[in-house]
Amino acid sequence: MIVDSVSEVLRFEKALIEPPPELLKSGIDSSYVEGVGKLDDGKRIVLILRLDKVLNIEQISA
């Protein structure tokens with residue numbers, strides 16, 4: 001994967017990653033979301049994507 005820029009790189013302990021909330025599961029395909037990482041005592045929330053689903057090479061090639 002080639003990107004133009006990166007603004008921040010974060011590391012999460014597994015204990016800080018929670019499953020996607022039910023709110024995400026209604027109306028969108030939540031299979032693209034691995035989980036939700038919480039930082040700064042929950043003040044910052046980061047969606048963690050499943051890159052294998054987002055960058056599905058087989059679909060891109062078709």
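Laboratory data are not the source of any read-out in this text; all were calculated from the coordinates shown. Note that the structure is predicted; figures quoted are calculated from it, not measured. Note: ideal-geometry Cβ built from the backbone for every residue, glycine included; neighbour counts use all protein chains shown.
Give me the number: length gained by fully extending Glu8 to Ile45, i.e. 0.36 nm times residue separation minus the C-alpha to C-alpha distance, one decimal in nm.
The Glu8-Ile45 span can extend by a further 11.9 nm.
Of the listed peptides 42-52, 8-18, 28-38, what is their order by residue-averaged count of other C-beta atoms within 10 Å, with the highest listed first? Show your work: numbers first, answer last.
Working: 42-52: 11.5, 8-18: 9.2, 28-38: 15.1.
Final packing ranking: 28-38, 42-52, 8-18.
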